[in-house]
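The next block holds one structure in the form of structure tokens; read it before the comments.
The values are calculated or read from the model by the stated rules, or taken from the named source; none is laboratory data. For clarity, every value in this text was computed on a predicted model and none was experimentally measured. Here the Cβ is made from the backbone with ideal geometry for all residues, glycine too, and neighbour counts use every protein chain on show.
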Amino acid sequence: MPQQYLVLDTTAFYAGVPYTNTTENLVTTPDVISEVSNERTRTLIALSKINVLQGTLANLKTVKDAARRTGDNSMTAADLSVLALCLSIREEGNEAILLSDDFAVENVASTLGIKARPLMTNGIKTASEWVFFCPACGKRYQKQRADCLVCGTRLEKRLKRN
């Protein structure tokens, strides 16, 4: 019988989810634990209230490719790892719901068909892509880079208008 897992991003810890939720299957990754490690978190792990799991390398590559396509290239190792874990849980025939308030994480999750539930925000409505542009000369780029090839100005990004 398939199980449902709540996959905790770093923001879920800041929102207090693992400290108040005792009835659901809570999972996270070693990278997230590294970001939020404190005595309360270590105690929850020791009591097996939170399982620490890792997604596969193949799923991590899938996530990185999706982040590159959407332009969410500044995601942390923890961000990438929770998305890879969601894919791994889904491949095992279970349901993964990602708890996160991080726009980039939710955006990439949406493009991968991963269910995401915001905690303290309204969450995203639809998946979006970033467009990179030079604020000085207006040149647009499909991929992120540091500086404009035309004038050398540092590039900025905004959501692509559909």
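Among the listed residues THR29, THR41, THR76, which satisfies the condition of being among the polar types (S, T, N, Q), over 11 Å from the mean Cα position of the chain (by Cα) and closer than 13 Å to ASP9 by Cβ? Working first, answer last.
Numbers: THR41 fails: closer than 13 Å to ASP9 by Cβ; THR76 fails: over 11 Å from the mean Cα position of the chain (by Cα).
Step by step, each of THR29, THR41, THR76 is checked, and only THR29 is among the polar types (S, T, N, Q), over 11 Å from the mean Cα position of the chain (by Cα) and closer than 13 Å to ASP9 by Cβ.
Collect the residues in segment 70-100 that are among the polar types (S, T, N, Q), at pLDDT 95 or above and surrounded by fewer than 16 Cβ atoms within 10 Å (Cβ to Cβ), keeping them in residue-number order. Result: ASN94, single match. In segment 54-61, the count of residues that are buried (at least 19 other Cβ atoms within 10 Å of the Cβ) and touching a residue at least 40 places away in the same chain (Cβ under 8 Å) is zero.
Examine segment 74-95 for a residue that is assigned to a loop (DSSP other than H, G, I, E, B), closer than 20 Å to TYR5 by Cβ and touching a helix residue (DSSP H, G or I) at 6+ places or on another chain (Cβ under 9 Å), and state whether such a residue exists.
Looking only at segment 74-95, we keep the residues that are assigned to a loop (DSSP other than H, G, I, E, B), and these are 74-76, 92-94.
From what's left, closer than 20 Å to TYR5 by Cβ: 92-94.
The next check asks that each one be touching a helix residue (DSSP H, G or I) at 6+ places or on another chain (Cβ under 9 Å); those that pass are none.
Scanning segment 74-95 turns up no residue that is assigned to a loop (DSSP other than H, G, I, E, B), closer than 20 Å to TYR5 by Cβ and touching a helix residue (DSSP H, G or I) at 6+ places or on another chain (Cβ under 9 Å).
Considering segment 101-130, the residues that are touching a strand residue (DSSP E or B) at 6+ places or on another chain (Cβ under 8 Å) and within 20 Å of ARG145 (Cα to Cα) include one that is modelled with the highest pLDDT, namely TRP130. Please specify each residue of segment 30-43 satisfying the condition of being more than 16 Å from ALA104 (Cβ to Cβ) and surrounded by 16 or more Cβ atoms within 10 Å (Cβ to Cβ). Of everything in segment 30-43, those that are more than 16 Å from ALA104 (Cβ to Cβ) and surrounded by 16 or more Cβ atoms within 10 Å (Cβ to Cβ) turn out to be ILE33, VAL36, THR41. Considering the conditions (1) among the charged types (D, E, K, R); (2) part of a helix (DSSP H, G or I); (3) in contact (Cβ under 8 Å) with a residue 12 or more places away in the chain, ARG42 is excluded by exactly one of them, (3).
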